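> Take a look at the following structure, please.
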Amino acid sequence: MCGLTGFISLNDINKYSAIENLKEMVSSISHRGPDENNIWTNNKVFLGHSRLSIIDLSETGRQPMVSKRGNVLVFNGEIINYQEVKSVVNHHFSKNNIVEKWVGRSDTEVLLKSIEYLGIEHTLKIIDGMFAFAYWNNDKKKLYLFRDRAGEKPLYYCFLKNYFVFGSELKSIKCFKSVD
């Protein structure tokens, strides 16, 4: 099942207390992914993930997943045609003389590389599955949130005075310090 949560701060904040808050948010959805809970942060973006290992049980499927470019993905769901998408990405690599190795066998890694190399719009057109994910583009300094067309995987969000907060369940958002 997995779960994702996080927030963006528009102002400088105490990183230590923000990390503790993020850990509490992830803990509130740990039942969605009992295998592992992890977080990633820079000074403004805080991403958390609760993992249920299904496709790639190894550490190479760990999330938040960070690419060589510094882009970050937290993902809930399944890309059913991830092998087909991987072939499209491999074709792109060979056509453009890109030397990029696959680290693991997860659909998360395929999704991350597809977004990076094929673009978000093209990736959304070719993936098939049930999903919700947050993608941090480090170059553009933008966070993107997506969910499948049918809304099968939940994704909630709210805007607060200086924050944008999101999660797979409302309870993770309620754990955010400024939400009543």
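> I'm trying to understand the selection: among the residues of segment 104-116, which are open to solvent by less than 70 Å² (accessible area, probe 1.4 Å) and not β-branched (V, I, T)?
Passing the criteria: G104, S106, D107, E109, L111, L112, K113, S114, E116.
> How about segment 75-103: which of its residues are at pLDDT 90 or above, outside any helix (DSSP H, G or I) and open to solvent by less than 40 Å² (accessible area, probe 1.4 Å)?
Within segment 75-103, F75, N76, G77, I79, N81 qualify.
> Please enumerate the residues belonging to segment 166-180 that are of a type outside the set (D, E, K, R) and either touching a Ser or Thr at 6+ places or on another chain (Cβ under 7 Å) or not in a loop (DSSP other than H, G, I, E, B) (or both).
F166, G167, S168, L170, S172, I173, C175
> Say we look at segment 46-74 and pick out the residues that are modelled with pLDDT of 70 or more and β-branched (V, I, T); which of these is surrounded by the fewest Cβ atoms within 10 Å (Cβ to Cβ)?
Looking at residues that are modelled with pLDDT of 70 or more and β-branched (V, I, T), I get V66.
> Let me ask you something else. Of the residues N162, N138, which is loosely packed, with under 14 Cβ neighbours inside 10 Å and more than 12 Å from the chain's Cα centre (by Cα)?
Details: N138 fails: loosely packed, with under 14 Cβ neighbours inside 10 Å.
Of N162, N138, the one residue that is loosely packed, with under 14 Cβ neighbours inside 10 Å and more than 12 Å from the chain's Cα centre (by Cα) is N162.
Conditions tested, residue by residue: (1) in contact (Cβ under 8 Å) with a residue 40 or more places away in the chain; (2) under 15 Å from Q63 (Cα atoms); (3) in a helix (DSSP H, G or I); (4) in contact with a strand residue (DSSP E or B) (Cβ under 8 Å, 6 or more places away or on another chain).
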| site | (1), (2), (3), (4) |
| --- | --- |
| V110 | no, yes, yes, yes |
| Y117 | no, no, yes, no |
| K153 | yes, no, no, yes |
| F164 | yes, no, no, yes |
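> Which residues, taken from segment 10-42, are under 20 Å from L170 (Cβ atoms) and part of a strand (DSSP E or B)?
N37, I39
The values are calculated or read from the model by the stated rules, or taken from the named source; none is laboratory data. No experiment lies behind these values; they were computed from the predicted model shown. In this analysis, Cβ positions are derived from the backbone assuming ideal geometry, glycine residues included, and neighbour counts consider all displayed protein chains. When the accessible area is computed, the model is the full protein with side chains, heavy atoms only, and any ligands, DNA or RNA have been set aside. Shrake-Rupley method; radii C 1.70, N 1.55, O 1.52, S 1.80 Å.
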